[in-house]
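Derivation of every value follows stated rules applied to the coordinates shown; laboratory data play no part. On a predicted model such as this, the values are computed, not experimentally measured, just so you know. Backbone-built Cβ (ideal geometry, glycine too); neighbour counts: all protein chains shown.
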Amino acid sequence: MKHHKRKSTVDLSRYGYIFIAPFFIIFLVFQLYPLIYTFYKSFYYSTFTRFGSIEHFGLENYKKYILGEKTFWWAVAITVGLWLLNFVPQILLSLLLAAWFTDIKYKLKHDGKYKVIMYMPNIITAATIAVLYYKMFNNNGPMTELMRKAGWLQKDRYVLEKGWATFFIIAFIQFWMWYGNTMIVLCAGIMGISPSLYEASMVDGATSRQQFFKITVPLLKPILQFTLVTSAIGGLQMYDIPYLFNDGGPLIKMGKENVSSTQTVVMLIKKFIFADKPDHGRAAAYSVVLFFITLAVSMVFYIATSEKKEKKPKKKAAVEG
Amino acid sequence: MNRVEGSKKLSGNKIFRNCICIFLCFLSLFPFYLLFINSTLKSSDIQGTIRIIPGLNFFKNLKGLLEGEAKTSNVNVLQAMRNSLIVTVPATFLQVYFAALTAYGVHTYNFRLKKAAWAFIYAIMMVPTQISIVGFIKVAKMTHTYRTYIPLIIPAMAAPTTVYFMKQYMEASLSYEIIEAARIDGTTEFGTFNRIVIPLIKPAMATQAIFAFVGSWNNLFTPTMIIGNERKKMTMPMYVEALKANDKTQDMGQIYCGLFVTVLPILVMYALLSRYIVAGVALGGVKE
């Protein structure tokens, strides 16, 4: 019997390979090879002549476009800024709402409906949302009109010609689209924490605030870490909203140069693929550096939030004890 | 005395929290309400004001929009929707079916590379696709599928996140006894998967199908890169981009009408399935 069973698993093991094969083949062709090719292509520097483009192998793309000019780093700064400006309020509001929706003492009757409505912007096409906001804030949009009436804007001025205002609205749209998602994730996390911890602390006379900071937040750390890392990775690839809201504009003066005030890195990559003279080498160099920035940021966040994790079991034990 | 004060504080707190939540809900709904209202108004009624009551011009706007688009080389809103469906429906089926197949392979069989394969799938879950777009275009050109829908559909077969959720679900609710029983009955391994396992994991497949559909439907970046300027092949988000580009020349009511039609399928789906979607989102966070 024992012998038979062992034999049967050996026989079947090839099915394991057969079943996972399509996934790995498609992954190799459409994800891994493109990644390797992008690295490879980034070493091809194009010069444009009357007869077309000529390519040379070397580090020119990096020397010229990454180290030699500020365009890329300005886009990095804008991308990171847009992410930070939406993520910080997003995580704070989501935590607060998650604490409210899971609070047994003040149970809100309609928390299910609130969740459904707050999550809604996340599922709607980002392209449509960006254009909708553009319509609201452009020259004769309803929000512009309201702001003029309130005296926040002069007549025939509008928000989209101001760099900081456009930047702020893009961050707001991102915040508005994502806080519902984060809130639901955090709610699920809090619901996973053993109720006995809260009961025990209540017996000891802990306030809601103490419970939140001493039980909820420390035990949510793995989920907060997950939210932080996924949001940072997604945020660094930001494209749809800034692109369709104001196409990277308006141009603002930085010293002597005119720079795009809301152009993200992925928009920059797209720009050089779609240019009249497409420069895939340059786009690839931007992609490679973005890849390493994304990797570095997620590693740093992962490690920075993991270190504190070691203290957690002690705290948990103390609360339980 | 104390108790009365306590309950007063309790209800005060509740009112405050409800007020904030209602305000946030208002914020979530307001742009979509405005979109709906404006899509039913005449262009002259939209300029510069916010109206609360819908007009009667929706179908007139839609007709005008379609007529206007017939004169251009662009797709109209209904063609864009059809194009998006041509991409999204097969992509969703492939993504869910092959994710289930992959998860089942790792879950059920013992093979030497099992652990390595799983670690690999887990590791690539967060790798963004945008950064390898130069190579992705190259693959499309090499396989002669550039400017076609193939590169938007086939890669869905390798969706690590979907595989992850399928495996989680199988671990929780697919017992080996059922698989063993099917084997004793003489069913082939593929037959077991197709006829016995798939019906058992249907709830997970349905949830994952919703997210696969939404993800593919909303994607702007990859279709832009692959379809480019082929105006007849535009998908819905690309159509939205084209609609914005015509902003200066077109009738405002018609533009809002077009935008409203682009969100309508997802709005209807969300109205019907919101409970499952919210539950699915909650699942996403507790994976650690």
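So here's what we get for this one:
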item: Signed unit charges on C-beta, dipole axis of the protein assembly as shown, positive-most listed residue B:Asn110, B:Phe98, B:Ala245; result: B:Asn110
item: Cβ-placed point charges (K, R +1; D, E -1), dipole of the protein assembly as shown about Cα centre in debye, nearest 20; result: 680
item: Charge context of B:Tyr256, other residues only, Cβ under 14 angstrom, K/R +1, D/E -1; result: +2
item: Whole-number D in µm²/s for region A:70-320 (Stokes-Einstein; Kirkwood sum over Cα pairs; 37 °C, 0.692 mPa s); result: 160
item: Prolate/oblate/rounded label for region B:72-245 (Cα gyration tensor, a/c 1.5); result: prolate
item: Förster radius 30 Å - calculated FRET efficiency between A:Ala296 and A:Arg148 (Cβ-Cβ, nearest 0.05); result: 0.10
item: Label point 7 Å beyond Cα of B:Leu29 along Cβ direction - residues of region B:41-60 with amide nitrogen under 15 Å; result: B:52-54
item: For chain A, calculated [θ]222 nm from helices alone, where every DSSP H run of n ≥ 4 adds -39500 (n - 2.57); result: -21500 deg cm²/dmol
item: B:Phe190, A:Phe168, A:Phe226 arranged by Cβ crowding within 10 Å, fewest neighbours leading; result: B:Phe190, A:Phe168, A:Phe226
item: Pairwise centroid distance, computed over Cα atoms, of region B:191-240 with region B:70-136, Å; result: 7
item: Cα gyration tensor, region A:66-219 - rounded (a/c under 1.5), prolate or oblate; result: prolate
item: Gained length - B:Ser173 relative to B:Ile86, 0.36 nm times residue gap less alpha-carbon distance; result: 28.0 nm
item: Unit charges at the beta carbon, dipole of region A:71-204: most positive-side option, A:Thr71, A:Ala150, A:Gly163; result: A:Ala150
item: Axial C-alpha extent at least 30 Å, average Kyte-Doolittle at least 1.0 - helices from chain A (DSSP); result: A:71-101, A:163-191, A:280-307
item: Per-pair calculated FRET efficiency, R0 = 25 Å: A:Phe168 and B:Leu56 via Cβ, rounded to 0.05; result: 0.10
item: Helical segments meeting 15 Å axial Cα length and Kyte-Doolittle 1.0 threshold in chain B (DSSP H); result: B:252-285
item: Relative exposure of B:Ile226, B:Ile86, A:Ile303, judged by other C-beta atoms within 10 Å (fewest first); result: A:Ile303, B:Ile86, B:Ile226
item: Ranked packing of B:264-272, A:121-129, A:71-79, most packed first, by mean Cβ within 10 Å; result: A:121-129, A:71-79, B:264-272
item: Inter-chain Cβ neighbour average for residues B:104-111, partner chain, 10 Å; result: 6
item: R0 of 41 Å, Cβ-Cβ distance B:Ala70-B:Ile124: FRET efficiency to nearest 0.05; result: 0.35
item: Partner chain coverage, peptide A:105-115 - average Cβ within 10 angstrom; result: 4
item: Charge dipole magnitude, Cβ of K and R +1, D and E -1 - chain B, Cα centre, debye nearest 20; result: 380
item: Extended-chain gain in nm, criterion 0.36 nm per residue less alpha-carbon gap, A:Glu161 and A:Lys253; result: 31.9 nm
item: Charged-residue dipole, Cβ positions (Lys, Arg, Asp, Glu), chain A about Cα centre, Debye nearest 20; result: 700
item: Listed peptides A:209-216, B:217-224 by packing density, highest first (mean Cβ within 10 Å); result: B:217-224, A:209-216
item: Cα gyration tensor category, rounded, prolate or oblate, for region A:1-117 with a/c compared to 1.5; result: oblate
item: Chain A: relative contact order in percent, alpha carbon pairs under 8 Å with at least 6 residues between; result: 24
item: Shielding by partners - mean other protein chain Cβ count within 10 Å, residues of A:33-41; result: 6
